[in-house]
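J.: Sharing a structure, written as structure tokens. Questions coming.
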Amino acid sequence: ADGAHLVVADVDEARARAVAAEVGGEVVAAEAAVTTDCDVLAPCAVARVLTAPVVGSLRARVVCGAANDMLDTPEVADLLRDAGVTVVPDFLANAGGVVQVHAGQAGWSEEQLVARLEAIGDRAAEVLRDADEHGTTPVEAARRRALARLTAGGAG
């Protein structure tokens, strides 16, 4: 409705076609997904898709996906920053699942859960600003913030 054009890829081509039909997108081969021309690349379910050689042919401006360990090596974060690609760290983008499990165990209300889930976007924005201000990668900024919270005894 807002004019986004979705490109869908999956190792299961039939599933990719079904999702594309449901959302009004187009299908690309799974092996071409990472280098497809797009604004936002959302790697999901497959680890280490962002490698040093891929960075040179990456055509996305933002990477934010649900795959764990999107970066093949820690050095890839530096290469992406140097290439002008904004990366939301996978462990931050994936935080919703952990928050939801904790909410169930802690007995949170639906309103508490929704507020905590919505706060993930604010945290991501803070991490990106912090990375820019300190000249680091978003991964470094997120880890620095997490360490500070853990050593201060903060939770939630």
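The values are calculated or read from the model by the stated rules, or taken from the named source; none is laboratory data. Computed from a predicted model, the values in this text were never measured in an experiment. Glycine gets a Cβ as well: all are built from the backbone with ideal geometry, and neighbour counts include every protein chain shown. Only protein heavy atoms, including side chains, enter the accessible area calculation; ligands, DNA and RNA are left aside. Shrake-Rupley method; radii C 1.70, N 1.55, O 1.52, S 1.80 Å.
J.: Relative to the longest principal axis of the chain, what angle (0 to 90°, nearest 10) does the C-alpha long axis of helix 110-134 take?
T.: 80 degrees
J.: With a 1.4 Å probe and all protein chains kept in place, how do 140, 75 rank by accessible area, largest first?
T.: Numbers: 140 85, 75 110 Å².
Heavy-atom accessible area, descending, gives 75, 140.
J.: Expressed as cubic angstrom per residue, what is the convex hull volume of the alpha carbon set of region 114-156? Numbers along the way, then the final one.
T.: On the way: hull volume 2.6 nm³, N = 43.
Spread over its residues, the Cα hull of region 114-156 gives 61 Å³ apiece.
J.: Could you give the dipole magnitude of region 98-156 about its Cα centre, charging the beta-carbon of Lys and Arg +1 and that of Asp and Glu -1, in debye to the nearest 20?
T.: On the way: 7 positive and 9 negative charges, 57 e Å.
Computed charge dipole of region 98-156: roughly 280 debye.
J.: Subtract the Cα-Cα distance of residue 62 and residue 11 from 0.36 nm times their separation in residues, and report this length gain in nm to one decimal.
T.: Values: separation 51, 0.36 × 51 = 18.36 nm, distance 2.22 nm.
Result: 16.1 nm gained on full extension.
J.: To continue, here is another question. Using only Cα atoms, tell me the angle between helix 138-152 and the longest principal axis of the chain; keep it within 0 to 90° and round to the nearest 10.
T.: For 138-152 against the chain, the angle is about 20 degrees.
J.: If Lys and Arg each add +1 and Asp and Glu each add -1, what is the summed charge of the other residues whose beta carbon sits under 14 Å from the beta carbon of residue 125?
T.: On the way: positive: 123, 129, 145; negative: 118, 122, 126, 130, 132, 133.
After counting each charged neighbour, the total is -3.
J.: Tally Lys and Arg at +1 and Asp and Glu at -1 over the other residues with C-beta under 14 Å from the C-beta of residue 138: what net charge comes out? Each step should come with its number before you reach the end.
T.: Numbers: positive: 61, 81, 123, 129, 143, 144, 145; negative: 78, 82, 90, 126, 130, 132, 133, 140.
Once all neighbours under 14 Å are counted, the net charge is -1.
J.: Go ahead and set up a Gaussian network model of the chain, Cα springs under 10 Å, then flag whichever of 113, 41, 92 fluctuates most.
T.: Result for the chain, Cα springs under 10 Å: 113 fluctuates most.
J.: Separate question: With the contact rule set at Cα under 8 Å and sequence spacing of 6 or more, what percent relative contact order holds for region 25-73?
T.: Rounded, it is 44 percent for region 25-73.
J.: So if I place +1 on the C-beta of Lys and Arg and -1 on the C-beta of Asp and Glu, and nothing else carries charge, what would the dipole magnitude of the chain be about its Cα centre? I want it in debye, nearest 20. Each step should come with its number before you reach the end.
T.: On the way: 13 positive and 24 negative charges, 83 e Å.
Computed about the Cα centre, the dipole is about 400 debye.
J.: Taking every pair of Cα atoms in region 39-91, average 1/r, invert it to obtain the Kirkwood radius, and report Rg/Rh to two decimals. Kindly include the intermediate steps, with their values, before the conclusion.
T.: On the way: Rg = 9.5 Å, Rh = 10.6 Å.
That ratio equals 0.90.
J.: On the accessible surface of region 22-156, probed at 1.4 Å, how many percent belong to carbon and sulfur atoms? Intermediate values should be presented prior to the final figure.
T.: Details: 4280 of 8010 Å².
Result for region 22-156: 54 percent of the exposed heavy-atom area is carbon or sulfur.
J.: Let me ask something else. Test of understanding: what is the full-extension gain from residue 123 to residue 23, defined as 0.36 nm times their sequence separation minus their Cα-Cα distance? Before the final figure, lay out each step's value.
T.: Values: separation 100, 0.36 × 100 = 36.00 nm, distance 2.80 nm.
Full extension of this stretch gives 33.2 nm more.
J.: Taking every pair of alpha-carbon atoms in region 1-111, give the share separated by more than 23 Å as a whole percent. Don't skip to the end; give the middle numbers.
T.: Values: 2284 of 6105 pairs.
Summing the P(r) of region 1-111 above 23 Å gives 37 percent of all pairs.
J.: Choose one answer from 127, 11, 139: the residue with the largest mean-square fluctuation in a GNM of the chain with alpha-carbon springs under 10 Å.
T.: For the chain, modelled as a Gaussian network with Cα springs under 10 Å, the answer is 11.
J.: Shifting gears a bit: Please give me the summed charge of the neighbours of residue 108: other residues whose Cβ is under 14 Å from its Cβ, Lys and Arg +1, Asp and Glu -1.
T.: Working: positive: 116; negative: 110, 111, 118.
Once all neighbours under 14 Å are counted, the net charge is -2.
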